[in-house]
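Below: one structure, written as structure tokens.
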Ligand code: HAS
């Protein structure tokens, strides 16, 4: 049977996805080992450091796996919904972006493995890595900008050829995601180019730590929505089709994305609530804005329940929860994202706790926060991506997804959910008991409080081992997927329940939204950043503690 997904576009998407999954596997090995070390189960051989592994794990999983997967997935969807083919410009920019990011990733990974960049994925100053690590980060960011330009070029070309029509929802969402990414990465680009690179090369003696952390979190918080928005693309656009339903409201979905674009960035101070050097007023303002950024997720929860219910009722299921039985529980394309949604409920509640200033004082820098982000990025996001991979890889390579792949997928994501339940549950409890985060195994000189954390450390190691097992199953499934028989696999894209014309046109006025986002950023950041520059602390020379 002839392949219907454009071959060249399929190749671009597949290369990104496979690169992402390779990073996931290597990052997963690091994760499993560090869980074992922290649980006191093993000691690392050959001079490998705990923090070195932790850096590899964070960078490869949180930065590399996500970014490559997101870009590959969004290129594939754009090709699918904007006429079945990317333009030469879009594809060319996609490949240029891929290669820059790949070179950056390899360089960064080599630096970490050579123990020259043991600074964790947040690379806080005054920890000082080799300048090549920061150059590697810059390459990844610039590469992603090229890919974003490719996606926007594709969208612009579709709009030119379809004057007066509202764009396909997937394309709109991909552009909003990349728009957010451009705004967010400005912060990290500025700190890397103007602070870290000159300082690590020794061209300047000291670094303004406060400013570098602020610019990092200016990037670091919208980063989490850059991970989340493609997941929402799946939940809004793909899942309704998989369950045999329609998108509840195209307009509501677009509104959620516009709100994410507006409110994701001016909130970075909620990661710095316990830091001196920022006056309470600015923290207060950004906490208020943080509660605003929760709204699009609440809208999403509502829209998802509405989709499930309307689909169930259309199939004839009755009663308050009848729709629940209508859902295709044995289909990994649905089960995986659904598990992600369920995990995001406690994950989101944890986020709201973190954002509340007084409660943040209790949980900040405890392993509770690690528990929070394993529910959000490592479950809501990662498990949805797994669910996507099982149909996307066959769909873009012109192969037929089989029942046995579906079965393997169900086993894999169920193991993942179990592993996270054990590990993240233990992290939350032990965090509340005061266990710090970003620390290796220690008894704190036999301290009594620290002794309370022991059983939870062991549970984390067990959870980590289950997660690793899940990745092994995924590797087996991947090998099988690449060797599937030629054929057709559906690329599921749902239609809207309401007619597309009903979506208000103003939702697509990017100039207004990007302008408003800029205003909010200026309001939230201009004065505190000006203050950090005008009245800097003495600055730090930098430490290499490993
Ligand atoms: Fe967070 C720290 C606040 C969301 C990731 N977060 C982190 C870190 C990471 C991270 C990686 O305010 C650590 C960074 C580091 O290394 O230091 N976070 C929030 C808030 C939200 C939030 C308010 N975080 C995320 C997402 C992430 C993520 C999403 C990754 C993808 N976070 C914080 C704060 C900190 C923080 C502080 C700093 C802590 C500190 O002190 O250091 C919100 O966006 C959450 C809103 C979410 C919801 C849930 C909606 C639920 C949905 C599912 C519906 C389910 C259905 C199925 C329909 C309101 C949409 C149901 C079916 C059934 C049958 C039940």
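Where a number appears in this text, it was derived from the coordinates with a stated rule and is not lab data. No experiment lies behind these values; they were computed from the predicted model shown. Here the Cβ is made from the backbone with ideal geometry for all residues, glycine too, and neighbour counts use every protein chain on show.
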Taking Cα atoms only, helix 454-482 is inclined relative to the longest principal axis of the chain by an angle, in degrees rounded to 10, of 40
Please compute, over every Cα-Cα pair in the stretch 415-546, the percentage with a separation greater than 21 angstrom.
74
What is the Å³ per residue value for the convex hull set by the Cα atoms of the stretch 328-506?
154
Evaluated at q = 0.12, 0.14, 0.19, 0.24 Å⁻¹: base-10 log I(q)/I(0), Debye formula over Cα of the stretch 293-399:
-0.55, -0.71, -1.02, -1.23
May I ask for the Rg/Rh ratio of the stretch 1-130, computed from Cα atoms with Rh as the Kirkwood radius, given to two decimals?
1.10
Quickly estimate the mean residue ellipticity at 222 nm for the chain, helices only: each DSSP H run with n ≥ 4 gives -39500 (n - 2.57), and the total goes over all residues, rounded to 500.
-23000 deg cm²/dmol
Is the C-alpha gyration tensor of the stretch 53-103 telling us rounded, prolate or oblate? Criteria: a/c under 1.5 is rounded; beyond that, a/b larger than b/c is prolate, otherwise oblate.
oblate
So for the stretch 394-433, using the alpha carbon gyration tensor with a ≥ b ≥ c as root eigenvalues (a/c under 1.5 gives rounded; past that, a/b versus b/c decides prolate or oblate), I'd call it prolate
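Considering Cα pairs under 8 angstrom that are at least six residues apart, work out the relative contact order of the stretch 143-238 and quote it in whole percent. Please list the in-between numbers first.
On the way: 55 pairs, mean separation 31.7, N = 96.
Taking the mean separation of contacting Cα pairs over the length of the stretch 143-238, I get 33 percent.
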Nearest 10 degrees is fine. How inclined is helix 131-161 to the longest principal axis of the chain, computing both from alpha carbons?
20
Rounded to whole angstrom, the alpha-carbon centroid of the stretch 89-154 lies from that of the stretch 1-49 at a distance of 16
With the 8 Å Cα cutoff and a minimum separation of six or more residues, the chain has a relative contact order in percent of 21
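Hey, can you rank 526-536, 342-352 by average C-beta count inside 10 Å, highest first?
So the peptides 526-536, 342-352, ranked by packing, come out 342-352, 526-536.
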For the chain, the Debye formula with one identical point scatterer on each Cα and no solvent gives log10 I(q)/I(0) at q = 0.06, 0.08, 0.10, 0.13 Å⁻¹ as -0.28, -0.51, -0.82, -1.46
Would you work out the relative contact order for the stretch 398-544, in percent, from Cα pairs under 8 angstrom that are 6 or more residues apart?
36
For the stretch 467-538: rounded, prolate or oblate by the Cα gyration tensor [a/c cutoff 1.5]:
oblate
